[in-house]
Amino acid sequence: MRKRTISRFSIIVACCAALAVGSSAVEAQEPQPVSQVPDRHVVVKGETLWDLASRYFGDPLLWPEIYRLNTTVVEDPHWIFPGEELRLAGMAVAQAGMEGMEGRAEVIEPGVEGMPEGPPVQRVAEGEVPEAPLPPPVAPPPPQSSNVPTIFSRAAAQSSVLGIERMERRAVRQFEFYSAGFLTEDQELPWGSVLGAVGEEKLRRLPSTTFATVYDYISILPPTGGTYRVGDSLLVGSLVRPVPGWGQIFRPSGVVRVTEVGADGAIAQVMGQFHRISDGQLALPLEPFSDPGGVMPVPIENGMMGAIITPRGENPVPSQLQHVFINLGRNAGVAPGDLFAVLKMDKGEGLDPRKVAYLRIVHVRDESATGLITNVMDLGTADGAPVQLIRKMPS
C-alpha cells in the first residue's frame, strides 16, 4: 500500500485548485478568480495581510506568500500601513502555474472517486521517504489600534528624525562645556605645564612619562610670572594641531584643583577626566560655567548663517557625538545651548538646502564656537559646510 502524507506544498496547491473550480469560499467573502486578482493593492486603514489573503485568494493562511512578495515594503508582517502598495501579481502567477507543475508528488483533490472527503494527500512512490508534514503558518494578530505606533512604524521612524530639534531642547551640561575644546584664535593664553604625576613622596617631577587618573595628584608649573593659589581650578589638555587663521585646537583632558603651592610649582588633584592626563600637557585657569538651569533654546526663523571651520578630531568627515568648530562666536551672539543645522546645497535650480546634521553649541569663544554633532542624516558635515541657527537660547 502506498503511503500518504500531507505536505505544505499540497495544502497550498489544494487551496489554489479550490479557487480554480470555485468549490470553496471564505465565510466572510468570496475569493476573486485568479484572472481578476489585481497586480497591486493599496492598503487602507484597518487591513492586514490575513484580510488580503482571504479576500484575493480565498485562504487567510496564504498571507506569508503576500509578505514574501513585499519584503521591501513590509518591515513586519504584523503591521501594514495605509498607503503602502503591495504586489499581488506574483501570487496570481504562482497559483496559476501550480496546477501545471510537474514533480514526483501527485496531488489528489478531495472528493475524487475512491478518496474520502478531507484534506489533499500526496502520493509517494515506493522506496521514497515521505516528507514530514509542516505545521500551517501562524497568522499575525490584527493590530490593536491603528493609532498605536511600533518600532517598525514608518511614521514613528520619521517623527523620530523630524523630532530631533525637540529632543535638543535642553541646556548644556557642565561636563559638555569643559570637555568640548576650542580654537585658541591666535591669542596668548596663560599656559601652565603639567610636570607629571605625584607619588607618595610628592616628587615635583618624575623621570619618565607618567599618567594620572581621577583623584591622583599631579605637579604643575605655573605660567611665567604667574602663580597658583590653593583652591584654584585648572583645565588641563593638549594642543593637537594648528588651524590656519584660527590658532591651534586645544583638546581638554581633565579638570584639576590646586591643593598645595610651593616655590617650584603646585600640587593639584584630578577632579574630572575626559582623556589621559600626562606630563607635558598644558593647564589653563578654569573658565566659569554658567548653568542655565531650566532655560531651553527656542525656535527662530531665518537664523544667522555660518560655516564649519574644521572638526576637532582627525577624521575629515566627523560623525555623531563628535565636535566641530564653526566661524561664529560670542561676538556674533552665539551662546552655549544654541542649535545649528548643517546644510547641504543640492545641485539644481530652485532646490532648497537640506539639513544633513544638527550641532548643539557646547563652548563659545570670541570668534568661534564648538558644536557637538547630535544627529547625522546624510553626508555633508565637512570643512566649509554651511550652518544655520535654528534654535536660540534666550538672553
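The values are calculated or read from the model by the stated rules, or taken from the named source; none is laboratory data. Bear in mind the structure is a predicted one, so any value in this text is a computation, not a measurement. Using ideal geometry, Cβ is built from the backbone for each residue, glycine included, and neighbour counts are taken over all protein chains shown.
Here GLN269 passes the criteria (1) under 24 Å from THR184 (Cβ atoms); (2) assigned by TED's automatic domain parsing to the domain that holds THR224; (3) among the polar types (S, T, N, Q) except the one numbered (1). All of (1) modelled with pLDDT of 95 or more; (2) outside the structural domain of VAL243 (by TED's automatic domain parsing); (3) over 24 Å from ILE390 (Cβ atoms) hold for LEU328 with one exception: (3). For beta carbons closer than 8 Å, sequence separation of 6+ or different chains, a first residue in the stretch 219-246 that is within 30 Å of ILE309 (Cβ to Cβ) and in contact (Cβ under 8 Å) with a residue 40 or more places away in the chain and a second that is aliphatic (A, V, I, L, M) and in a loop (DSSP other than H, G, I, E, B), the qualifying pairs are SER233/LEU286; LEU234/LEU286; LEU235/LEU286.
Considering the stretch 69-93, the residues that are buried (at least 19 other Cβ atoms within 10 Å of the Cβ) and assigned to a helix (DSSP H, G or I) include one that is modelled with the lowest pLDDT, namely ALA92. Only one of the numbered conditions (1) assigned to a helix (DSSP H, G or I); (2) under 44 Å from the mean Cα position of the chain (by Cα); (3) of a type in the set (Gly, Ala, Ser); (4) at pLDDT below 50 is violated by SER54, and that is (4).
Scanning the stretch 52-68 for residues that are free of Cβ contacts under 8 Å to residues at least 24 places away in the same chain and surrounded by 18 or more Cβ atoms within 10 Å (Cβ to Cβ) yields ALA53, TYR67. In the stretch 299-323, the qualifying residues are those that are loosely packed, with under 12 Cβ neighbours inside 10 Å, more than 19 Å from HIS363 (Cβ to Cβ) and within 24 Å of the chain's Cα centre (by Cα), and the one that is modelled with the lowest pLDDT is PRO316.
Taken over the stretch 376-389, the residue count meeting the criterion of being surrounded by 19 or more Cβ atoms within 10 Å (Cβ to Cβ) and assigned to a strand (DSSP E or B) is 2.
Being at pLDDT below 85, at positive phi, over 36 Å from the mean Cα position of the chain (by Cα) and loosely packed, with under 12 Cβ neighbours inside 10 Å is not true of GLY100.
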